[in-house]
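S.K.: For reference, the structure I am asking about is given below.
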Amino acid sequence: MDIPIRVPAAFRVIAHRGSSAYAPENTRPAFELARAMGIAEIETDAQLTTDGVVVLCHDTGLERYGHGERRVEELASDDLLALDMGSWYSPYRFAGTPMMTLQQLLADFSGDFTFHIELKGRAAGLAAAVHAAVVRAGALDQSIFTSFSYQQLVRMRAVCPEGRLGWLVPTLDRAVCERAGDLELFQLCPRADAIAPGAVAVARSIAAEVRVWGLSGTPQEVRALVRRALACGCDGMTINWPDWVTR
């Protein structure tokens with residue numbers, strides 16, 4: 001049996017965009033399913049609309065969701081929140097599922113999760129808007145702010161000196177580790193298939209935690225990546241199938 005995959009109690013199991021293997025990513029059904037599975041942590045993607053609302057959407061464009069090549073950051077919140085974000089995944093089960101705002105997520109799931117909020121967009125005001133929404137919801141202690149964009153993390157550090165930041169990177173090479181030291185990171189987050197014990201040890205001297213991403217494939221392949229993360233001394237992972245994991 002390859003499933004379930006056993007991990008230590010302290011290892012972070014983070015539902016990636018909610019339980020996104022079973023429901024449309026970054027939508028209420030995906031987060032509700034993660035909660036029903038007993039998952040304590042979720043990851044989501046934040047972008048800023050033209051009218052300053054933080055919405056939850058992974059792709060910068062809407063084509064994959066069936067809404068053409070329009071960009072999220074070029075639209076107003078009323079237009080985005082009117083979109084069907086469920087039919088691309090299953091028109092029979094999730095038709096009409098709307099996009100969520102960060103404010104809705106924090107209000108409706110307060111106390112349920114640790115929120116790993118990825119600053120996905122390029123907007124200069126994104127970090128400040130995300131921070132404001134989190135503070136307004138009283139969820140700062142429940143939140144970790146991540147991004148592939150070093151600049152967005154710099155912006156978040158400027159507005160939130162006490163915030164927990166995580167830098168998403170392809171690998172833990174020397175250049176990454178040297179640059180990471182300037183941000184006082186809580187997490188360094190490399191791809192799961194690009195880690196080695198020595199690099200993880202160096203990263204943990206810079207950040208409190210190393211959390212991996214990019215777990216995909218068959219149950220056997222995912223199991224191998226989880227084992228690799230554990231063997232290298234990592235502290236957690238995002239995963240689309242959080243129910244594949246047990247303590």
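S.K.: Given charges of +1 on the Cβ of Lys and Arg and -1 on the Cβ of Asp and Glu, with all other atoms neutral, how large is the dipole of the chain about its Cα centre, in debye to the nearest 20?
M.R.: On the way: 24 positive and 29 negative charges, 133 e Å.
Using only the charged Cβ atoms, the result is roughly 640 debye.
S.K.: Hey, what did the stretch 129-247 get for relative contact order, percent, Cα under 8 Å, at least 6 apart?
M.R.: Dividing the mean separation by the residue count of the stretch 129-247 yields 18 percent.
S.K.: Turning to a different aspect of this structure: Could you give log10 I(q)/I(0) at q = 0.10, 0.11, 0.14 Å⁻¹ for the chain, computed by the Debye formula over C-alpha point scatterers of equal weight, without solvent?
M.R.: Ignoring solvent entirely, the Cα scatterers give -0.46, -0.56, -0.92.
S.K.: Quick check on the stretch 63-177: what are the equivalent-ellipsoid semi-axes from the Cα gyration tensor, as sqrt(5λ), descending, whole Å?
M.R.: Rounded to whole Å, the semi-axes are 27, 19, 14.
S.K.: Of all chymotrypsin sites (Phe, Trp or Tyr not before Pro) in the stretch 99-174, which ones are in loop regions per DSSP and have a Cβ with at most 16 other Cβ atoms within 10 Å? Could the numbers behind the result be given before it?
M.R.: On the way: sites: F109, F113, F115, F145, F148, Y150, W167; in loops: F109, F113, F148.
For chymotrypsin sites (Phe, Trp or Tyr not before Pro) across the stretch 99-174 that sit outside H, G, I, E and B with at most 16 neighbouring Cβ atoms in 10 Å, the list reads F148.
S.K.: Two-decimal Rg/Rh of the stretch 1-143 from alpha-carbon positions, Kirkwood Rh?
M.R.: Taking Rh as the inverse mean 1/r over Cα pairs, Rg/Rh reads 0.98.
S.K.: Next question. List the GluC sites (Glu not before Pro) within the stretch 161-247 that DSSP assigns to loop and that have no more than 16 neighbouring Cβ atoms inside 10 Å.
M.R.: Details: sites: E162, E178, E184, E209, E221; in loops: E162, E184.
Within the stretch 161-247, the qualifying GluC sites (Glu not before Pro) (loop, at most 16 other Cβ atoms within 10 Å) are E162, E184.
S.K.: Work from the charge dipole of the chain (Cβ charges, +1 for Lys and Arg, -1 for Asp and Glu, about the Cα centre) and give the residue of A229, G18, A158 farthest towards its positive end.
M.R.: A229
S.K.: Moving on. Select from the stretch 85-131 those trypsin sites (Lys or Arg not before Pro) which occupy a DSSP coil region and have at most 15 other Cβ atoms within 10 Å, ordered by residue number. Can you show the working numbers first?
M.R.: Working: sites: R93, K120, R122; in loops: R93, K120, R122.
Those satisfying the criteria are R93, R122.
S.K.: Another one. Can you compute the modelled spin-label distance between A40 and R136, with each label point 7 Å from Cα toward Cβ, in nm?
M.R.: 2.9
S.K.: I need the shape label for the stretch 132-247. Rule: rounded when a/c is under 1.5, else prolate if a/b > b/c, else oblate, with a, b, c from the alpha carbon gyration tensor.
M.R.: oblate
S.K.: Considering the stretch 118-194, what Rg and Dmax in Å follow from its alpha-carbon atoms?
M.R.: Answer for the stretch 118-194, Rg first and Dmax second: 12.4, 38 Å.
S.K.: Report ³J(HN,Hα) in whole Hz for each residue of the stretch 167-173, in order, from the Karplus equation J = 6.51 cos²θ - 1.76 cosθ + 1.60 where θ = phi - 60°; Gly and Pro get x.
M.R.: Result, ordered by residue: 9, 7, 9, x, 7, 9, 7 Hz.
Computed from the coordinates by the stated procedures, all read-outs in this text should not be read as laboratory data. Computed from a prediction, not measured in an experiment: that's the story for all the values here. As a convention, Cβ positions derive from the backbone with ideal geometry for all residues, glycine included, and neighbour counts pool all protein chains shown.
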